[in-house]
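Data block below; observations after.
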Amino acid sequence: MAGLNHDVAEPERAAPNQMETTPENQAATFRNQDQVWPVRAIRRGNAVRPLPPHGRSVADVTYEIGGVRLGVDDFMARRRTAGLLVLKHGEIALERYGMGNGPQSRWTSFSTAKSMTATLAGAALHDGAIGSLDDPCEAYAPRLRGSAYEGVTIRNLLRMCSGVAWREDNDADGRSEVYRLGRAMVSRRPGAILDLMCKLPRAHPQGAVFNYSTGESSVLAAVVAAAVGRPLADYFAERVWGPAGMEADAHWQLESEGGLEMGGLGVSACLRDVGRFGLLVLEEGEAFDGRCVLPPGWRDLAGQPDCAATGFGRLRPDLPSGYGYQWWVLPHGPTGIHAGAFAAIGACGQYIYVNPAERLIVALHSAWRQPNDNDADLESFALIGAVVRALRSES
C-alpha cells in the first residue's frame, strides 16, 4: 500500500528570493510568494462580476518583430508568458495560460502594485479620508516629520516627484537605495522601510524632477493606511476587491508579520481579477456592485501626465513615455492606437494595459529571466498594438 504514495506530487516550493531563481523554479516562486513572505489577505466580496466571451476572438492575431510575423503561441513561448487576458467591453476576447498556470493561479505583481496603491489614494480622497492631494504627507503619517518627506504633498508622491534622493538601480556595491530597501524587507523588522525612507536626503525641490522610486510607493502606502485607519489590504478589499466583483481572494506582501503592505510590489492575484481591476479603473470607479469608489475624473487625472516633470519624453532621455499617478502613460505614436492609454508595468513582464478610447484591457503575467528586458517589452507592446487594431472596429 505504501507504493500508492509514489503518485502523490510534491508541493511546489518558492525560492527564498524571487529575483534569484532558476528557469525551473521561477514560476513556482511567482505563484507562491506567501510561502516566503508574510502576507495579508485581500478578501473577495459576495458577488462575482461575470466576464462573458466577446463576439470576436483575437486568438489568431499576429504581429511583426524584426521582419518576422508571429502569433499568440509564439509570444507565449518566447516571453515565458504565464497568463494573457484581453477584455473588450468587459468581455473576454482572449484568455491563455502557460508556465503551469491556470485561471485559479495567483501570480505576484511586482510594480503593477504601485498603480493599485495609487488607486487606493484616489479611493481615500473620494471617501474624504484624504482631504486634498495637496496636503503634506506628514499630516497623515507623522513618522515622516523631520525627514526629507516633510512638506511633500500626496500629489508629488503620486507623481514620484518628491525630490527625495533615490537610486532604483540594484548596483553591485550594495549602496543604492533600492538595494537598501531589499535589506530592510529581509530584516522583517516592523517600521524598517519607513525608517529607511526617513533617512534619505533631499536632491531636488518637490515637483521639479521625476525619479522612479519603489520606496516612494511604500511612503504612499503608509500615508493612505494612516488616512483610512486600517491596513491597506483591508481597505483594498472594501473599496476595490469586493465592489469590483473579484472571483478569488488575493494577498499583499508585508514588511513584517502584521506590518505595513509593500506599496510598490507584492500583490498576488488571479489573472481575471487583475483584468477586473483594470476594468474598475477603465470604468472610472463605477464598481460592479453599483457603487462609485473613485472621484469623478480620477481615471483621466491619474492616467495622464499633469506636470512638466512627468510629461512625454521628460522621464529619461531614452524613454518617450509619460507618467501619471503611478501609471506609465504610452506615447501616441504615428498610428495613435495608444492615444489616452496607460499601463501598470512590473518587473519580469507584468502588465495591466488600459485603453479608455478602445474600452480595452490587456493583463499579462510573465516570467522573464531578467527584471527588465527591452526586447521583451517591445514585443509585448507589439502584441498589444496588434490586439488593439484587431478589435478597433468593435469600439
Note to self: Among the residues of segment 265-282, are any touching a Lys or Arg at 6+ places or on another chain (Cβ under 6 Å) and farther than 18 Å from Leu85 by Cα?
What the structure shows: no
Check: Name the residues in segment 184-208 that are over 20 Å from Val223 (Cβ atoms) and within 22 Å of the chain's Cα centre (by Cα), would you?
Finding: Val186
Checklist line | Filter result (within 21 Å of the chain's Cα centre (by Cα) and open to solvent by 60 Å² or more (accessible area, probe 1.4 Å)) within segment 36-75 | finding: Arg43, Arg44
Note to self: When you check Val228 against the structure, is it out of contact with any strand residue (DSSP E or B) (no Cβ under 9 Å at 6 or more places or on another chain), open to solvent by 10 Å² or more (accessible area, probe 1.4 Å) and without any contact (Cβ under 8 Å) to a residue 60 or more places away in the chain, yes or no?
What the structure shows: no
Check: List the pairs whose first member sits in segment 177-194 and is among the charged types (D, E, K, R), whose second member is assigned to a helix (DSSP H, G or I) and open to solvent by less than 30 Å² (accessible area, probe 1.4 Å), and whose Cβ atoms are under 8 Å apart, counting only residues at least 6 apart or on separate chains?
Finding: Glu177/Leu196; Glu177/Gly215; Arg180/Leu196
Item checked: Pair list, Cβ under 7 Å, 6 or more apart: segment 273-296 residue touching a residue at least 12 places away in the same chain (Cβ under 8 Å) and farther than 23 Å from Tyr351 by Cα, other residue assigned to a helix (DSSP H, G or I) and open to solvent by less than 10 Å² (accessible area, probe 1.4 Å) -> Pro295/Gly122
Next item on the list: Report, by residue number, each residue of segment 142-162 that is in a loop (DSSP other than H, G, I, E, B) and surrounded by fewer than 20 Cβ atoms within 10 Å (Cβ to Cβ).
Entry: Arg145, Gly146, Ala148, Glu150, Gly151
Margin query: Here is a list: Ala233, Ala237, Ala221. Which entry is over 27 Å from Pro305 (Cβ atoms), open to solvent by less than 10 Å² (accessible area, probe 1.4 Å), not aromatic (Phe, Trp, Tyr) and not in a loop (DSSP other than H, G, I, E, B)?
Written below: Ala233
Next item on the list: Test Arg183 against the stated conditions and say whether it is in a helix (DSSP H, G or I) and farther than 18 Å from Gly346 by Cα.
Entry: yes
Notebook entry, point to check: Out of all the residues in segment 76-93, which are within 20 Å of Arg389 (Cα to Cα) and open to solvent by 10 Å² or more (accessible area, probe 1.4 Å)?
Noted result: Met76, His89, Glu91, Ile92
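The values are calculated or read from the model by the stated rules, or taken from the named source; none is laboratory data. Worth saying up front: this structure is predicted, and the values here are computed from it rather than measured. Glycine gets a Cβ as well: all are built from the backbone with ideal geometry, and neighbour counts include every protein chain shown. Surface accessibility is based on the protein's heavy atoms, side chains included, excluding ligands, DNA and RNA. Shrake-Rupley method; radii C 1.70, N 1.55, O 1.52, S 1.80 Å.
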